[in-house]
Amino acid sequence: MADGPTYRRIADHLREEIRAGKWHPGDRLPSHSELAEQMQVSLTTARNAIQVLVTENLVYTATSRGTIVRSREVLESVVTDHIRPDRPRASHDIFEEIARAAGRTPTKEFSARMEPADQPIASLLGVPVDSWVLARTVVQFLDNEPWSWEVTFYPRDLAEATGIDSPHDIAEGTTRRLADRGYGETAHRDTIVARPASSEEATVLGVASGTVLLDHLRIGANHDRITRVTRHRSIATSNRLAYELGDAPGTTVIRGTVEQTDRSGLWF
């Protein structure tokens with residue numbers, strides 16, 4: 001191993017092993033104690049070495065499984081796909097469509113609750129501050145790896161009228177549920193910023209605090225009202241967001257070109 005602090009040298013060694021293919025995405029690295037024993041160092045030194053790789057987004061920690069090697073694949077999400085008119089009917093939502101198209105296995109952790117609207121959410125939804133709104137939270141995983149964290153807020157009356165106040169996930173997605181119940185969204189506004197992860201976001205997504213995230217805020221509406229506010233956070237180095245606008249023939253031409261570019265490994 002090269003010169004430098006011991007924990008850095010151990011991190012360099014593990015990094016090279018990952019890049020050389022000894023450890024594949026989804027593999028578990030030695031535990032802190034195993035690594036300390038193998039390298040004949042203290043437990044603190046072993047932890048610090050692993051933390052270097054967490055900070056570099058090469059690995060993540062899972063409470064029940066230890067330190068896991070991350071996938072280095074960049075997942076493209078076409079964020080206009082869920083509203084395209086030719087999207088086939090299915091019993092799963094757009095996240096599952098994107099994941100399965102990429103050959104990945106999607107899973108989720110879902111929760112829902114009524115909570116009082118704070119000032120920003122009340123302002124965006126057009127409801128009084130502290131009035132009840134539905135918050136639906138989904139942590140999304142690909143091949144068991146934390147991928148994104150999404151929280152969507154709905155006005156209480158709309159949630160109750162459409163049945164999305166269910167304590168369970170909605171397989172086909174809430175966009176279709178709203179449309180099927182007569183509240184289809186006709187307009188969206190998206191804002192995307194790149195910023196460092198907070199400590200809470202770092203814990204949920206299994207990254208180091210300060211890791212750059214894509215923070216995607218979407219506001220949906222129909223002709224009468226705001227229907228929802230969604231905040232979707234994902235790891236910037238692992239995700240690419242795309243928008244497709246225009247008719248189907250033109251979109252098909254663009255998709256073919258993009259797929260060729262991806263296969264060739266050439267990208268901006």
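Just to check your reading of the model, which residue among T186, T162, T203, T175 is touching a residue at least 12 places away in the same chain (Cβ under 8 Å), under 30 Å from E145 (Cβ atoms) and in the same structural domain as K108 (by TED's automatic domain parsing)?
Result of the check over T186, T162, T203, T175: T175.
Looking at this structure, is E97 within 30 Å of V258 (Cα to Cα), among the charged types (D, E, K, R) and within 13 Å of the chain's Cα centre (by Cα)? Show your work before the answer.
Numbers: within 30 Å of V258 (Cα to Cα): yes; among the charged types (D, E, K, R): yes; within 13 Å of the chain's Cα centre (by Cα): no.
So E97 fails the test.
Is one or more of the residues making up region 119-138 surrounded by 18 or more Cβ atoms within 10 Å (Cβ to Cβ), under 24 Å from A208 (Cα atoms) and in contact with a strand residue (DSSP E or B) (Cβ under 6 Å, 6 or more places away or on another chain)? Yes; the residues of region 119-138 include at least one that is surrounded by 18 or more Cβ atoms within 10 Å (Cβ to Cβ), under 24 Å from A208 (Cα atoms) and in contact with a strand residue (DSSP E or B) (Cβ under 6 Å, 6 or more places away or on another chain). Filtering region 223-255 to residues that are among the small types (G, A, S) and either outside the structural domain of S148 (by TED's automatic domain parsing) or in a strand (DSSP E or B) (or both) leaves S234, A242. Once region 163-222 is narrowed to residues that are surrounded by 14 or more Cβ atoms within 10 Å (Cβ to Cβ), small (G, A, S) and in a strand (DSSP E or B), the residue that is nearest to the chain's Cα centre (by Cα) is G220. Summed over region 9-29, residues that are aliphatic (A, V, I, L, M) and loosely packed, with under 11 Cβ neighbours inside 10 Å total 1. Flag: E145 does not match the condition of being free of Cβ contacts under 8 Å to residues at least 40 places away in the same chain, surrounded by 13 or more Cβ atoms within 10 Å (Cβ to Cβ) and among the acidic types (D, E).
The values are calculated or read from the model by the stated rules, or taken from the named source; none is laboratory data. Note that the coordinates shown come from a computational prediction; the quantities given were computed from them, not determined experimentally. Glycine also receives a Cβ, built like all others from the backbone with ideal geometry; neighbour counts cover every protein chain displayed.
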